[in-house]
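Data block below; observations after.
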Amino acid sequence: MKKYIVLIAVVLMLFSCGSASFQGFYNAHKTDLGATSFQVPNVMKALLSSVSLETKSIIGNLQDVKYIKLNSVSSFRRQQIITEMNAVTNAGYLDMFRQNEVNNTRIISVKENGNVLTDVILFNCDEKEVTAFYLKGIFDPDKIKTLSEASTFNALSLDLLQSYKSNMSPSLNPSFNPNN
């Protein structure tokens, strides 16, 4: 009987470890204390219509957007989150840009179909916060590469978040919501 329980536990563990996805990462952290997160379903893509022209030129034709920001993350927790994101990007993504420093990790990881990028993960983890985007659509590789500059990455984050917040009703403001 004990052998069966151990076998079932091992099988369940293998299945749970092998399915790293951005959606799984998002679901695991959207209820973390201090998290800000949003997803934009297809019917609400018009909410992002007020992003700046610079942001529109970078993000291209969007089909799916997910955003999560975690504040006040300890160094130990930051390392765990980086490990989780590495598992996500190792599952069929190609690192277009990766910068690993002691206090800052920045990743741009993509999936491609021919000469077109179809999925993009933008991840930035520093001493202050962790920010991650998932974008699905059709993207220009050269424009996505510009996000390797910290100022461009931060500007994109602020622009998308501000656009989303300004287009939501006050009751749906994407601030900390543990039930989201």
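Inside the range 108-155, can you point out the residues that are of a type in the set (S, T, N, Q) and more than 24 Å from Leu70 (Cβ to Cβ)?
If the condition is that a residue be of a type in the set (S, T, N, Q) and more than 24 Å from Leu70 (Cβ to Cβ), then Asn113, Asn115, Thr118, Thr146 are the ones that fit.
What do you reckon, is Glu149 within 19 Å of Ser21 (Cα to Cα) and open to solvent by 40 Å² or more (accessible area, probe 1.4 Å)?
Criteria not met by Glu149.
Working only within the range 123-139, note down all residues that are farther than 15 Å from Gln80 by Cα and surrounded by 15 or more Cβ atoms within 10 Å (Cβ to Cβ).
Within the range 123-139, Phe133, Tyr134, Leu135, Lys136, Gly137, Phe139 meet the criteria.
Keeping to the range 58-74, report how many residues are modelled with pLDDT of 80 or more and hydrophobic (A, V, I, L, M, F, W, C).
The qualifying residues number 4.
Could you say which residue among Val110, Val130, Val73 is over 13 Å from Phe22 (Cα atoms) and within 14 Å of the chain's Cα centre (by Cα)?
Val130
The values are calculated or read from the model by the stated rules, or taken from the named source; none is laboratory data. Note that this is a predicted model, so its numbers are computed, not measured. Don't worry about glycine lacking a Cβ; one is built from the backbone with ideal geometry, like all the others, and counts go over all protein chains shown. Only protein heavy atoms, including side chains, enter the accessible area calculation; ligands, DNA and RNA are left aside. Shrake-Rupley method; radii C 1.70, N 1.55, O 1.52, S 1.80 Å.
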